[in-house]
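Shown below is the structure under consideration.
The values are calculated or read from the model by the stated rules, or taken from the named source; none is laboratory data. These figures come from a predicted structure and were not determined experimentally. As a convention, Cβ positions derive from the backbone with ideal geometry for all residues, glycine included, and neighbour counts pool all protein chains shown.
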Amino acid sequence: MKRTDSWHRSRLDAILSSAPLLWSTRAILSSLLLLAGLEVWAIRKTGMERIAKAREMILAAQSLEDSVASMRSQAAPAQLDSARLAASNGVFANWEDLAGWLEHLRADALSRGWGMDWELVHADSIPSVSDGIRRQSVQLHIVLPRADFDGFRAFLRQSANPPGRSASMERLEGSGDREGIAEVRWTLVLWVRDRHV
């Protein structure tokens, strides 16, 4: 028998033959098992909470994605790409009318505590399609200081449905973190009557 094995054997015999040592060993082992059990419970509880939170965030993102897909199908760019439809009631009367509606959107965003700006995309390079009517892309950019999926989804729907006008969502991109969406950019296609043409 090796020397270390002999020492382990003699130590085990000493513990088993002494009642106080046996009880203290049992107490130490029980404490260690209890601590290990508590640690496993804490890890499991924390992990489950993180999984539940991640699942909620995924479901919220899927809901937002479904809403965007629904809006795209209801107002697809292909449905708006004809001069005949552009000349209907869905046209902004002029550039001031378009700017007024965009500023109204921005004021609504600011009242919710969000930062928003907008920009006309390639305004000069888009030709007139019929009777001075131009197809115009507008890029909107919004910053959300806190996660508000429902509020932003309603706002996004409002931006894609100007009252009495035709609009189509062309592009949507966002960024965020574990807390939710923090910044979103989207592009709308609108029709404007250009008095200068």
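Which residues, taken from region 106-117, are out of contact with any His (no Cβ under 6 Å at 6 or more places or on another chain) and surrounded by fewer than 19 Cβ atoms within 10 Å (Cβ to Cβ)?
Matches in region 106-117: R106, A107, D108, L110, S111, R112, G113, G115.
Conditions: (1) touching an Asp or Glu at 6+ places or on another chain (Cβ under 7 Å); (2) among the charged types (D, E, K, R); (3) modelled with pLDDT of 85 or more. R134 meets all but one. Number of the miss?
So the condition that R134 fails would be (3).
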